[in-house]
Every structure is written in C-alpha cells, then in structure tokens.
Amino acid sequence: MKKTFIALSLFAAAYATGQNTIVLNADKGKDIINKNIYGHFAEHLGHCIYGGLYVGDTNKTIPHKDGVRLDVIDALKKLKVPVLRWPGGCFADTYHWRDGVGNKKERPSMLNIWWGNVKEDNSFGTNEFLNMCELLGAEPYLSGNVGSGTPQELTDWVKYTTHPNGSSPMTDLRQTNGRSTPWKVPFWGLGNEAWGCGGNMKVEYYANIYRQFATFMTNWNNSDRIYRIASGASDDDYHWTEVLMKELPANMFDALGLHHYSVIEWGKKGPATNFTELEYFTTMKRALQMEELVTKHSAIMDKYDPQKKKSLAVDEWGGWYDVEPGTNGAFLFQQNTMRDAMIAGTTLNIFNNHCDRVKMANLAQIVNVLQAVVLTRDEKMILTPTYHVMEMYNVHQDAIMLPVAVNSKDYQLGNEKLPAVSVSASKDKNGITHISLVNIDANKPQEITVNINGATYKSVSGRILTSDKVQNYNSFENPEKIKPTGFSGASLTNSILRVKVPPFSVIVLELK
Ligand code: AHR
C-alpha cells in the first residue's frame, strides 16, 4: 500500500517536471499476450510468394523443400511466427482455390489484376501453403473469397483442408492430390477489405453476405474448431465495427478485423530510405494512431461484448512508402530502416497493452512487400530492422501482460509533439519479466525511471537495436549493419530501474 503510494507520488511528480517515468505493476498481470499478435501476412503480390517464400520445386540454385526456400524458413522459425495469413489481401477476393490444387502442369493461369496484371500460374496453392505452414510451425489463416466467390466454394475449401478422409468429394480430391490427412486450419477470414477491393460493399450489405457465407462455412464434421474473422474496418471507420457487432450473430464470428497502415499521404508516400525528419515524424504520428484506433474500436466492441469473447484482429498493419526506384510500382517492394523498427516496437507495445481485446495481428507483409521482415534477391536474403524487433519481442508471446503507467517526455518537431517513450511488459511461464522500451525521438536520448510495484528483482540484462542514423538499413551489400547487441545501460536499485535509451532505439530488458 505504502509502496503504491510512493510510486503514485513519484509518477505525479514526474508528470509535473516532465520526466520519463514508468510504473510497472508486476503483481497486477491478468491477461495473456496472445502469441498471434506476432502474426504475419503473405499475399500473391510482387515477390512475396514467388522468389520470396517459394522458388519452385525444380529450382537448382536455391536450397528448398518442395519449392519453399529453406533460408527464409530458417530465419522465420527464429521469429517464432505463430500465424500466417494467405493468399491476400485484395488478391484473396479474386482467388479461386480450385485453380491452385492438383497437377501443376494442369493448373490454369490467371492475371493478378490487383498487383501489376502479372501472370499467376497457380504453382503455389493450398497444398503448398499449408505444407509450408507445417514446416514453419505456424498456424494458417486462410482468407476466403467473398467478393467474387460463392458460399459453396468457401465451404468446399473448408472441407478440402480440414475434414476427415472419406467424408466428401472434397476430401477425396485432397487424397488424390497427395494429402491423406486433414491439415489444421484454425483461422478463416470471410473476405478482405469488403469496403474496398473486396467488393466495395456497404457494411449493412456485407453483414448480410457474411451471415450467408458463415452459415455454410462450418466445421460440423470436424472436431477442430474454426475461428471466423469478419472483414473489419479501415482505420477510424467506427460505423463499420458498430454495424458488424450489432448485426452478426454471436455464434457466427470470433473476431473482427482492422486495417491500418502508417502512410504519410496515399498520393505522396515519400521514400523508404532517404526521408526527412518531418517524414519520419509524420510516419510515427500515423503509427501511434494505432493506440486511438484500438481503444475506440474496442470500446464499441465492449458495448456488445462486455465479456470480451470476441477479438479484434489487426490483420494488416505496417509502414507503406514509395517503392524502391527502378522496381515495379505494383510490387510494393520497399527497404526497411530504423524508422520501421520504431513502427514495429511502438505498435507491438500497443497490441501487448491491449491484449484483452487484440488477440491477433498480421504485419504486412512477410517477405519483399511493404514492411517486410525478410528481403530476398535471387539467392541472397537479408533480415530487416523490423525482423530484429519481432525477434527481440517474441519473449512476450503467450506471456502475462504486466500493466504499466507511462509518463513520457515529448518528441517535438516544430509545433507538434509525440510521446517519445513507448513501453510494454510481461511475465513469461518461467517467471521472467521482460520490458520492451522504445524511444522514437530522432535526436535526444531518454533517461527513464521505472518504479517497480509488486515484485523484487535481483538482476537486469538486455539487448538493444540502434544505429547512428534513423535512415539506416541492411542492404544486400551490408546485411548486418543493424542487428541487436547486448545492452548494459540499465541499473537496478531496490525497486527502481534506471535506463538510458539512445535516440530511435528499441531495448528489451530481462528482469530476474
Ligand atoms: O497489403 C497490401 C494491400 O493493402 C492488401 O492487399 C490490401 O488488403 C490492403 O489494402
């Protein structure tokens, strides 16, 4: 009681003097940080699939298993990717899964109308994706075609992938295609961006369509539960969330999606690497908006679902810039700098802190597209700063979230201000506490005092991701310019932890 009072007094004093002060409530954890918050997204877009994850089963130069690149899989395994969404994105609502199964020589080709009108030969289809998820140890999230598909097509996909052998012509087809046992496919999306590329629907109309598709898309022959995710709002479209919560029967959905990209202006996104401080600041402003979006969408969900049985799945998020000069404008290939590490660190802290409602998130996209964790060029592969943040943060997966109260100094540019410090904390199953700290200020280090309530720790250690310019990135020529290193700038005295965080840096501390 006394300790709490002292901590609160310190917090109030810090507020008055403009210091960075955090109160860590180490004994107040109750919600689990669902590991699926650390999920990813792979679309048939540019070189995400072809050249990124998949090089074809006849490739002689790049080591692969049934066409899936082993260097990329090995790197992704270290991230502990829990869930992978596929095949889109916008592509999903033009995708007909039957085109991508069976003998590859007989699979029809199509034009990928969303992403450059390139030829899609369907050589990477359902079997390839689900086998790759097994190799990776990730759970699949299939995004169903509601925009141009039919309820029959979607229910057939559920049967083909998850129903027991011999239960339908679809499971016979699966067996003919070389897979005798069902895969485990827990997560199903019913359309993507139904308000836009998924059919330009009004939410009232989509709610009806959703009910129709969901009715037939059941797992009634199968003991594995299907988790159905409705195509959610774009950014601050709160009406979308309100109508879905009101109109979807509770037994027909498990989560609503939400998409939010950190983009400066859709018509003027700016470069991925050679950006100004104003562009950096504006990107961070967009990224930090996630806090408000998650809070307000959750508040609407709370009205209809106070027990929080339904989740918010932020199934597309990340930074979006101009493509790299000289690359196909429809392929969305962009480099990844310390700015992206800042987006990743702050956004994951927001999701961790809202883990009572946010149970899944999928970074867009996993390889070679938008804020990728891995970039490939022919046989070369590099890990981006975003990769390193996801790897450092994976200690939070399935840990108990420890609530924090944060008083941050401002990162100021001109007349605008953003909180410089972002934080989240958790306790894992071995009793170890992890604190992830981000300082987004482009110029100033932050001295942070953490007042610990409800636990006593003997030691602190950690890792840091930092660099000397916020525009820095890993290139194919210099792939290890940015990588985590040991951090010794934290000291622990009784229940007070002091940390000095350099500008635009991410630190993960371990307290025992
Ligand atoms: O991630 C790229 C695209 O962004 C996705 O296909 C779409 O859902 C979103 O608009």
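The values are calculated or read from the model by the stated rules, or taken from the named source; none is laboratory data. Every value quoted in this text rests on a predicted model; they were computed, and no experiment measured them. So basically every Cβ, Gly included, is an ideal-geometry build from the backbone, and we count neighbours across all protein chains shown. For the accessible areas, the whole protein counts, side chains as well, though only heavy atoms, and no ligand, DNA or RNA atoms are used. Shrake-Rupley method; radii C 1.70, N 1.55, O 1.52, S 1.80 Å.
Structure notes:
- D (Stokes-Einstein, µm²/s), Kirkwood Cα radius, segment 280-352, 1.567 mPa s at 4 °C: 91
- Helix content alone sets the calculated 222 nm mean residue ellipticity of the chain: runs of n ≥ 4 DSSP H residues at -39500 (n - 2.57) each, divided across all residues, give -8500 deg cm²/dmol.
- Solvent-accessible area of residue 35, all protein chains in place: 70 Å² (probe radius 1.4 Å, heavy atoms, ligands and nucleic acids excluded).
- Accessible area per residue for segment 194-292 is 45 Å², calculated with a 1.4 Å probe on protein heavy atoms, without ligands, DNA or RNA.
- Backbone phi angles across segment 110-116, fed through the Karplus curve with coefficients 6.51, -1.76 and 1.60 (θ = phi - 60°), yield HN-Hα couplings of 9, 9, 7, 5, 7, 10, x Hz in residue order; Gly and Pro are listed as x.
- Over all orientations, segment 33-130 has a Cα convex hull whose mean projected area works out to 6.7 square nanometres.
- Heavy atoms of residue 463 accessible to a 1.4 Å probe, total area in Å² rounded to 10: 90
- Cα-based shape type of segment 372-441, given that a ≥ b ≥ c are square roots of the gyration tensor eigenvalues and the cut on a/c is 1.5: oblate
- Here segment 271-319 is treated as a Stokes sphere of Kirkwood radius computed over C-alpha pairs; at 37 °C and 0.692 mPa s its diffusion coefficient rounds to 254 µm²/s.
- Counting DSSP beta bridges with both ends in the chain, the antiparallel % (nearest 5): 60
- Here is the P(r) of segment 336-392: all C-alpha pair distances, binned every 5 Å from 0, give 4, 19, 27, 23, 15, 8, 3, 2, 0 in whole percents.
- Per residue solvent-accessible surface (Å²) - segment 330-471, probe of 1.4 Å: 31
- Compactness index (Cα Rg / 2.2 N^0.38 Å), segment 445-512: 1.33
- For segment 302-408, the normalised intensity computed at q = 0.21, 0.25 Å⁻¹ comes to -1.14, -1.41 (log10 of I(q)/I(0), Debye sum over alpha carbons, equal scatterers, no solvent).
- When the alpha carbon coordinates of segment 233-288 are projected onto the principal axes, the ranges are 49, 18, 17 Å, largest first.
- Segment 42-97 - convex hull of alpha carbons, volume per residue in Å³: 95
- Alpha-carbon centroids, segment 274-314 and segment 154-193: separation in whole Å: 34
- Candidate residues 510, 316, 416: accessible-area rank, largest first, probe 1.4 Å: 416, 510, 316
- Residues 174, 107, 225 ordered from highest to lowest accessible area at a 1.4 Å probe: 225, 107, 174.
- Taking every alpha-carbon pair within segment 322-362, the share separated by more than 15 Å comes to 58 percent.
- Convex hull volume per residue, computed on the Cα atoms of segment 400-467, equals 111 Å³.
- Calculated Rg and Dmax of segment 361-512 using C-alpha coordinates, Å: 16.6, 53
- Probe 1.4 Å, all protein chains present, accessible-area order of 33, 496, largest first: 496, 33
- Looking at segment 157-222, the pairs of alpha carbons with a distance over 19 Å make up 45% of the total.
- Using a 4.7 Å Cβ-Cβ cutoff, the cysteines of the chain lacking any partner cysteine are 48, 133, 355.
- Annotation for residue 118 and residue 265: the two label points, set 7 Å from Cα along the Cα-Cβ direction, are 3.0 nm apart.
- Note on residue 47: accessible area is roughly 100 Å² with a 1.4 Å probe, heavy atoms of protein only.
- Along segment 166-171 the Karplus relation, 6.51 cos²θ - 1.76 cosθ + 1.60 evaluated at θ = phi - 60°, assigns HN-Hα couplings of x, 9, 6, x, 5, 6 Hz to successive residues, with x for each Gly and Pro.
- Phi angles of segment 294-300 translate, via the Karplus equation with coefficients 6.51, -1.76, 1.60 and θ = phi - 60°, into HN-Hα couplings of 5, 4, 6, 5, 5, 4, 5 Hz per residue; Gly and Pro are given as x.
- Ligands, DNA and RNA left out, the accessible area of segment 473-512 computed with a 1.4 Å probe is 47% carbon and sulfur.
- With all projection directions averaged, the alpha carbon convex hull of segment 55-197 covers 9.1 nm².
- Direction-averaged projected area, Cα convex hull, the chain: 23.7 nm², rounded to one decimal.
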